[in-house]
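Here is the structure we will look at, set down as structure tokens.
The values are calculated or read from the model by the stated rules, or taken from the named source; none is laboratory data. Since this is a predicted model, take the numbers as computed values, not measurements. Virtual Cβ from ideal backbone geometry, glycine too; neighbours counted across all protein chains shown. Just the protein is used for accessible areas: all its heavy atoms, side chains included, with ligands, DNA and RNA removed. Shrake-Rupley method; radii C 1.70, N 1.55, O 1.52, S 1.80 Å.
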Amino acid sequence: KYIPEIPRWGILKFSKQDDSILDPFCGSGTTNVEARLQNRNSYAIDVDPIALLLTKVKTTPLDEKKLYRAKNQLVRAIYSNEEATIPEFPNRNYWFRPDVLQDLGVITSCIRYIDNPDIRDFFLVCLSSILKEVSNADPKFLYALAISRKMRERTNWNRKIDAKKTFVEKVKELTPKMIFFSKACPKEYFVKIIGKDAKEIDLPIESIDLAVTSPPYCNAVDYPRAHQLQIYWFGLWKGRLSELKRVYIGTEQVSAKDYAKQQRYGNSRLDEILEDIYQVDRRRSYVVYKYFIDMRKNFLEVKRVLRPRGHYVVAVADNIVRKVPVPTHTILMDIAQEVGFRVVDYYGSLLMMRPHNMRESEKMGVEWVMAFQK
């Protein structure tokens, strides 16, 4: 997720109280949290099902007394009940030990009995945040990579996993933060989740004052793979992950016929990059091409829903693909101007946290923040 200072800067600079804000790639809801705290209404879009759950929970204030009462009842329930709701999903027993599955199933079952849907979703997010931690995955990596039996034997790695205790500790950590937000949150403003496709925005023409977002990075994070344990545990996707990946912007899930021949965008800077990558990796060349094609569609849609002279603030990092530098922010500025936006500001912000599993040669150091005006 990007730091809250970026959307806060855009919201305070390019909008006023009571304005409407849009984040077409809402992620964990950072823009929408800031919009509500700054007395703006906002809309959220994301294709990722975990992102939508996070955004809904993070932007929904809860009653302090009701939340603490539910927390205390839940903690008692998970230590006094044996009923377990354990979902079926691919490789479930590979990712979780039997005792951990039982504990997680009990926690899930107890959460499902909570009547208040907003409080129930809050505890589901608490559960979501510990799933990888209590799994067989190596905790150092963004993606769930199970530690092999040989590795366990070689390192004498025998983790003690107490899923119930881990969950209770997470609840105790996040509950005060939820209360802090709820007290600071103006109740008269809303956050609405309006869809899953940033290329087809379900809003009327000229209905938004400002859009602020951090879109997926080209060639950076495989979100369904990163969230697969949560997606499967909560039943948010039933099919193969490869099918879900196809609908993400920046996905590498493409078919061979797509990259059978080199694609050209029509931007000289981008076409030269696509050609250089194509000589080394045809599939990656098409992935980069499709990323910018999809971002162009998003720019057109955001421009459609923005009011005259409205702004679009975009934070994105440059990339290196197969050792070929891709100046993503520069190309996006080209595309923005191509579809009718005017560049009014841009600056670089150092990235402090990066995925451990990313190739060292492809890691990003600076996030570029660009402001466009319709």
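Each residue of the stretch 299-316 was assigned a 3J(HN,Hα) from its phi angle through the Karplus expression (A = 6.51, B = -1.76, C = 1.60, θ = phi - 60°), giving 4, 5, 5, 4, 4, 5, 8, 6, 6, x, 6, x, 10, 10, 9, 10, 10, 8 Hz with x at Gly and Pro. Residues whose amide H lies under 5 Å from that of V326, counting only those 5 or more places away or on a different chain, are N319, I320, V321; hydrogens are built 1.01 Å from N in the peptide plane.
Database remark: amide H of D281 closer than 5 angstrom to no amide H (H placed geometrically; neighbours at sequence offset of 5 or more, or on other chains; Pro and chain starts carry no H). In sequence order, the stretch 177-186 has phi-based couplings of 5, 5, 5, 4, 5, 4, 6, 7, 7, x Hz under the Karplus curve 6.51 cos²θ - 1.76 cosθ + 1.60, θ = phi - 60°, and Gly or Pro positions carry x. To the nearest ten degrees, helix 5-14 and the longest principal axis of the Cα atoms of the chain are 50 degrees apart. The protection proxy used here, the mean number of other Cβ atoms lying within 10 Å of each residue, ranks peptides 252-258, 175-181 as follows, highest first: 175-181, 252-258. Close lysine pairs were tallied over the stretch 228-374: pairs 8 or more places apart or on different chains with Cα atoms under 21 Å apart number 12.
Available extension along the chain between K13 and K160 is 48.0 nm, counting 0.36 nm per residue and deducting the alpha carbon span. For K192, the amide hydrogen comes within under 5 Å of the amide hydrogens of S42, Y43, A44, counting only partners 5 or more places away or on other chains and with H modelled in the peptide plane.
Mean sequence separation of contacting Cα pairs (under 8 Å, at least six apart), scaled by the length of the stretch 234-374, corresponds to a relative contact order of 22 percent. The convex hull around the C-alpha trace of the stretch 1-134, projected and averaged over every direction, spans 9.7 square nanometres. Of all the options A315, A198, A77, the one that moves most in a Gaussian network model of the chain with Cα springs shorter than 10 angstrom is A77.
Size descriptors for the chain: radius of gyration and Dmax over Cα atoms are 21.9, 66 Å. Measuring only protein heavy atoms, the 1.4 Å probe finds F190 accessible over about 60 Å². Projecting label points 7 angstrom from Cα along Cα→Cβ for L241 and E206 puts them 4.6 nm apart.
Between the Cα long axis of helix 64-80 and the first principal axis of the chain there is an angle of about 50°, rounded to the nearest 10. Here the contact order of the chain, divided by its residue count and restricted to Cα pairs under 8 Å and six or more residues apart, works out to 18 percent. For K71, the aspartates and glutamates whose Cα falls under 20 Å of its own Cα, not counting residues fewer than eight places away in the same chain, are D63, E82, E83, D103, D115, D118, D121, D162, E169, E173. Between the helical axis of 49-58 and the longest alpha-carbon principal axis of the chain there is an angle of about 80 degrees.
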